[in-house]
């Protein structure tokens, strides 16, 4: 904002030597008035500029201070371990676990509690009190927006659905029923079965239907680069669930962390196993866990460690099989519900022809059939489209059908 | 993943035991047997029946070139499942042994003796470095002193004597069927019938005379013979008729 102020014209006086003294006095008087006015104007400009200089000086000070702060060392994190009465505190630095006794400023002494996280500087004096820590990643796993899947969208898994609801929903909704009978509700259910049979969908429907906080995660997210991070995430996850209780934790593809323990000595495996052990102790360990239900899903049931399958951890092992013909019919009806399907299409007939299809394959069948109709420039899907889609899907899945099943030297 | 690594360290050489006492190469050889088509043996007081599944992968393949039934001596036959070429080696060995027996002692070799010498031979290939186990199992059927005998050999060199047994693919289901349906007093015809029905149990497509092989060692004559395709077909027709009849019975109920 550099601006050179426009200076007023400097008044000049040319006195006529031949004028009378009265005229000269007049002229001088006029000149004096001019000079006073100009003086006033300049004075005002000077004030402005001085004010501006003050402003800039403050700006400089501020920037200097900012620069100073930037140049000072960052603060360290520590946890308050103990608060003796004399206004001091025992704090333990994160990382190197050094314990230090430090004086507290009176301002902080009142507010501080044991277990708080604080920021300390180089000389170990407490600078600030920080918020309670839950891993931001654990926070991110809470599902705020419930998925759009409802129980009605799940075809043919009536038994499985009932078991899941009994184990997960009822204890949260009607705890008094369990109190009356005097049984502990099952704490966890494990859904297992071939791919595409609706395990995750079941969990989604539960999330949609329940009022409890729903926390979802994939087992692979628990595998971390650094030792101890995976188990900390598990701990944070359960802590978060406890804060939000009643809560449902859903762990998809749990085989990523809960594979059988072996003697393998590679550190990567060992760390994954430690993460699992944390999971084991959180699920049914020493600490009371509160009103938390766990749902897990896997399609490698055979790979799971036996410790995670024992009652008390996963009480219910629910198999989600490939659908039977009735279930297939129901699934097709659900998927075709939105589609413009000709009345002549008989879903029970179609279900009989799609033996060994999983739920996901049936969904794909319906979509493909729609695609065939679009290719044909129709807006109604006919039986022929489903047949074409079936041919396409079966051919895709079975590329080796032309070759021998086993080498011909084996008979 | 972890299991595999651990296992791989012990499956390189057949002469190396795994810490839990297994010989992985031998177990893999058993897998080769499971991939062969089924062979079934049924022992009856009148003789031993061998039935093999000869389904061909192509209609152009000559069924007679599928080697699942082998004649070892006049009084001994064998059915194999697994590597064909390995089976031929064992059959050749067995034939030699039976000829040696005839030259040395001038009498037909005992089925049990023959089986033991074959399994001893197989066993060597599980204990000698640089070799690989036989990827084949045999059913050795014969008559010894007028008595029908039925033995099974497997890639480890173990032999067992059976009343009725199946090897090859679908063994579990077929064996279960045999256990349910076997009767000690069967005739040879009943034995063929039982074995064919057992074979049909695990199959998707229908049996045909070309698609099965039937070998019989008759206790009276003490000779091994194989049925021609049309003879097998007539047995299959009988089974189908009987099945139809029982279907009709069901309908009437």
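Placing R0 at 51 angstrom, the Cβ-Cβ distance between residue A:36 and residue A:72 gives a FRET efficiency of 0.40 after rounding to 0.05. Each 10 Å bin, from zero up to the one with the longest distance, holds this percent of the alpha carbon pairs of the range B:1-118: 11, 30, 29, 22, 7, 1. Counting neighbouring beta carbons within 10 Å and listing from fewest to most, the residues A:31, B:70 come out as A:31, B:70.
Take the convex hull of the alpha carbons in the range B:125-238; its mean projected area over all directions comes to 8.8 nm². On the beta carbon distance between residue B:183 and residue A:371, with R0 = 45 Å, the FRET formula returns roughly 0.20. The stretch between residue B:147 and residue B:160 holds 3.0 nm of extra length on full extension. This uses 0.36 nm per residue minus the Cα-Cα distance. Principal-axis analysis of the Cα atoms of chain B puts helix B:188-201 at an angle of about 70° to the longest axis.
If R0 is 35 Å, the Cβ-Cβ spacing of residue B:221 and residue B:176 corresponds to a FRET efficiency of close to 0.60. Calculated mean residue ellipticity at 222 nm for chain A: -13500 deg cm²/dmol, from DSSP H runs with n ≥ 4 weighted as -39500 (n - 2.57), summed, divided by the residue count and rounded to 500.
Rg ratio for the protein assembly as shown: its Cα radius of gyration over 2.2 N^0.38 Å, N being its residue count, equals 1.69. Counting neighbouring Cβ atoms within 10 Å and putting the fewest first, the residues B:54, A:216, A:225 line up as A:225, A:216, B:54.
Axis of helix B:24-35 versus longest Cα principal axis of chain B: the two differ by about 20°, to the nearest ten degrees. Put simply, the range A:66-166 fits an ellipsoid with semi-axes of 48, 18, 12 Å; these come from the alpha carbon gyration tensor as the roots of five times its eigenvalues, largest first.
In terms of overall dimensions, the C-alpha atoms belonging to the range A:74-127 reach 26, 18, 15 Å along their principal axes, ordered largest to smallest. For chain B, the percent of C-alpha pairs falling in each 5 Å distance bin, counted from 0 to the bin holding the largest distance, reads 1, 6, 13, 17, 18, 15, 11, 8, 5, 3, 2, 1, 0, 0. Taking the longest Cα principal axis of chain B as reference, the axis of helix B:84-105 is set at about 90 degrees. Take every pair of alpha-carbon atoms less than 8 Å apart whose residues are at least six positions apart; their mean separation over the length of chain B yields a relative contact order of 26 percent.
Taking the number of other C-beta atoms within 10 Å as the exposure measure, put B:224, B:235, B:10 in order starting with the fewest. Please list the in-between numbers first.
Working: B:224 25, B:235 21, B:10 16.
By the 10 Å Cβ count, ascending, the order reads B:10, B:235, B:224.
Distance between the modelled labels on residue A:307 and residue A:177, one decimal in nanometres: 3.4 nm (7 Å Cα→Cβ projection).
Considering only Cα atoms, the convex hull volume of the range A:136-317 works out to 118 Å³ per residue. Per the Debye calculation on the range A:323-399 with a single equal scatterer at every Cα and no solvent contribution, log₁₀ I(q)/I(0) for q = 0.21 Å⁻¹ amounts to -0.86. Of all the C-alpha pairs in the range A:1-85, what % are more than 18 Å from each other? Result: 71 percent of Cα pairs exceed 18 Å.
Thinking of the range A:143-230 as a set of Cα atoms, what percent of all their pairs are more than 21 Å apart? So the portion of pairs separated by more than 21 Å is 41 percent.
Taken together, the values in this text are just the output of simple stated rules run on the coordinates, not laboratory data. A quick note: this is a predicted structure, and the numbers were derived from the prediction, not measured. Ideal geometry is used to build each Cβ from the backbone, glycine not excepted, and the neighbour counts take in all protein chains shown.
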